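Take a look at the structure set out below.
The values are calculated or read from the model by the stated rules, or taken from the named source; none is laboratory data. Please read all numbers here as calculations on a predicted model, not as lab measurements. Heads up, the Cβs are rebuilt from the backbone with ideal geometry, glycines too, and the neighbour counts pull from every protein chain shown. The accessibility values were calculated without ligands, DNA or RNA, using every heavy atom of the protein model including side chains. Shrake-Rupley method; radii C 1.70, N 1.55, O 1.52, S 1.80 Å.
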Amino acid sequence: MLFAQFVDGPAGRLLFVGHRPEPGATQRPRASGRAGKGPHAHWVLVAPPLAEELNKSRRTLSLLGRALAKIGVGLLVVDLFGTGDSEGELRAATWQGWVEDLACAHRWLLAQGAGQVDLLAVRGGALLAWDYLARVAVDHLSLWQPVVSGRRLGAQLLRLRLAANLMGRGEGETSAGLRERLRQEQWLEIAGYGFPAQLFAALEEAELGPLDGRRLGGLDWYQVEPDAQTNPDREEAPALPLPARHTIGAWQDAGLAVEAVRVRGDAFWTTQEICEGTALIEATVRRIAERRGRTLAGP
Amino acid sequence: MNIQEIRQLLRDALQLGERANAFVAATPLLGSIPELDSMAVVTVITMIEERFGIVVDDDEISAETFETVGTLYDFVNAKLGA
């Protein structure tokens, strides 16, 4: 069941949007040690993508919430402080504040009776989730086309502004010039979003680095690849991008159970028209259902 | 890397579908492909970085880079060789 409500966050009211599990969607076995926590026991908390990618992703996240509700799993998307419909201006937002917002949403779910809260991070939200995981243990993290390096994401944000130059509307800006402006004015407008310098700097420092004591039961890395049907040039599926392979390999070497899941689809977080990550939703729901089946069956 | 991979990348980044099949080196891009707005330029550059594992310095990019399929191919090729 769809819900949307404001909740008092650390720095202002936050909009929580999501789907509650449908009543009776799954029978929890009486023998389960988790019995008694009610039908809302399993939730997925979303660490949202940043800036325009959030808007482009809402449709797919909403469809995911609907599909998860049917298997008895709830989904919560939190609009971080200064983003979406939450209180505050982006110019007043901080990276640490956003981590606190995630923590707030997590606590709220537990207070609502959630017995298990998994994380799903989308694109740049992966960097935020990774920082959050440094202080909290989570059973499972799903990453949707994660951004591996904040430095790269920062460069892409500056690029968005620079690309307008190519369209002939620019002021002859350079990335060095934009950085200098960010330093002097302490904020920079990028595609309609006013990024404060502190947030931008923190973002650029974030990365999907070593586990460093992060307690995580397992991780699914979803990589979306364009449709093979329309690709006469492509004879075989390409390997995962190099940065993804490096990151996954390092985590596996450190003992983390990582599964790379590759699905077909368009890059819904960036396409001009809103499109739906149908195969991504199906794969995510299937894997969550499988994991849930194993959990409910017990050892 | 060959020019087919650039065609492939443009098809994927701009969702051109079968329209991209006709792309050759001389096919004009910027100003000729309506899908190629500033957001899409970023998508293309980002996809180049992720797919080929290279880092593009934004100040290297000019309108000329996006003039044709061939100029974009030359740019990526030069980056890969660098």
Next item on the list: Pull out the extension gain between A:ARG264 and A:GLN198, defined as 0.36 nm times the separation in residues minus the alpha carbon to alpha carbon distance; nm, one decimal.
Entry: 20.1 nm
Notebook entry, point to check: Add -39500 (n - 2.57) for each DSSP H run of 4 or more in chain B, then divide by its residues: what number comes out at 222 nm, to the nearest 500 deg cm²/dmol?
Noted result: -15500 deg cm²/dmol
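Filter the DSSP H helices in chain A by two things, a Kyte-Doolittle mean of at least -0.5 and an axial alpha-carbon span of 18 angstrom or more, and list the hits by number.
A:95-111, A:150-164, A:278-297
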Check: Based on the Kirkwood radius over alpha-carbon pairs, what value in µm²/s does the Stokes-Einstein equation return for the translational diffusion coefficient of the protein assembly as shown at 20 °C and 1.002 mPa s?
Finding: 98 µm²/s
Notebook entry, point to check: How far apart, in nm, are the 7 Å Cα→Cβ label points at A:ARG183 and A:THR295?
Noted result: 4.7 nm
Notebook entry, point to check: If the label point is 7 Å along Cα→Cβ of B:ALA82, which residues in the stretch B:19-60 have backbone nitrogen under 16 Å from it?
Noted result: B:45-60
Note to self: I'd like to check one number: the per residue accessible area of the protein assembly as shown, probe 1.4 Å, reported in Å² as a whole number.
What the structure shows: 44 Å²
Margin query: For the interface of A with B, what's the total buried accessible surface in square angstrom, probe 1.4 angstrom, rounded to the nearest hundred?
Written below: 2600 Å²
Note to self: Residues of the stretch A:264-285 that become at least 20 Å² less accessible with every protein chain present than in their own chain isolated, using 1.4 Å: which are they?
What the structure shows: A:ASP266, A:THR270, A:THR271, A:GLN272
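What is the antiparallel percent of DSSP beta bridges lying wholly in the protein assembly as shown, to the nearest 5?
40 percent
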Notebook entry, point to check: Does chain B classify as rounded, prolate or oblate by the C-alpha gyration tensor (a ≥ b ≥ c root eigenvalues; a/c under 1.5 gives rounded; else a/b over b/c gives prolate, otherwise oblate)?
Noted result: rounded
Note to self: At 0.36 nm per residue, and after removing the present C-alpha to C-alpha distance, how many nm does the segment from A:PHE6 to A:ALA257 gain when stretched out fully?
What the structure shows: 86.8 nm
Margin query: Please report the carbon-and-sulfur percent of the accessible area for the protein assembly as shown; probe 1.4 Å, protein heavy atoms only, DNA, RNA and ligands left out.
Written below: 50 percent
